[in-house]
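*Asks:* There's a structure below that I have some questions on.
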Amino acid sequence: MSAGLSKVLADVPVRTGYLEAQAGVSSLSGAYARLEAGARLRSNLGLFAFGESNARERMAGIGARYTFGW
């Protein structure tokens with residue numbers, strides 16, 4: 001089964017960027033909004049940045065995602 005899944009995933013095109021937006025309500029901080037954008041530099045390495053805001057605070061950050069597997 002694993003070999004079959006690997007073949008299927010190998011045929012899926014890899015996108016190089018993404019944009020994600022969220023809005024919701026938290027019992028602790030009330031309404032919030034979040035925006036995240038990222039880019040995949042290689043098939044296993046991506047960089048992203050985010051911003052989040054609610055009634056009490058504002059946050060921003062950057063990060064990296066490295067994926068690996070067996």
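Throughout, read-outs are computed from the coordinates displayed, never taken from laboratory work. Everything numeric in this text was worked out from a predicted model, so none of it was measured. Methodologically, a virtual Cβ is constructed for each residue, glycine included, from the backbone with ideal geometry; neighbour enumeration extends over all protein chains shown.
*Asks:* Of all residues in region 51-62, how many are in contact with a Leu (Cβ under 8 Å, 6 or more places away or on another chain) and over 17 Å from A31 (Cβ atoms)?
*Replies:* Summing the residues that are in contact with a Leu (Cβ under 8 Å, 6 or more places away or on another chain) and over 17 Å from A31 (Cβ atoms) in region 51-62 gives 1.
*Asks:* In region 20-70, which strands (runs of 3 or more DSSP E) lie fully inside it and hold 2 or more residues that are among the hydrophobic types (A, V, I, L, M, F, W, C) and surrounded by 11 or more Cβ atoms within 10 Å (Cβ to Cβ)?
*Replies:* The qualifying strands (runs of 3 or more DSSP E) are 30-42, 45-54.
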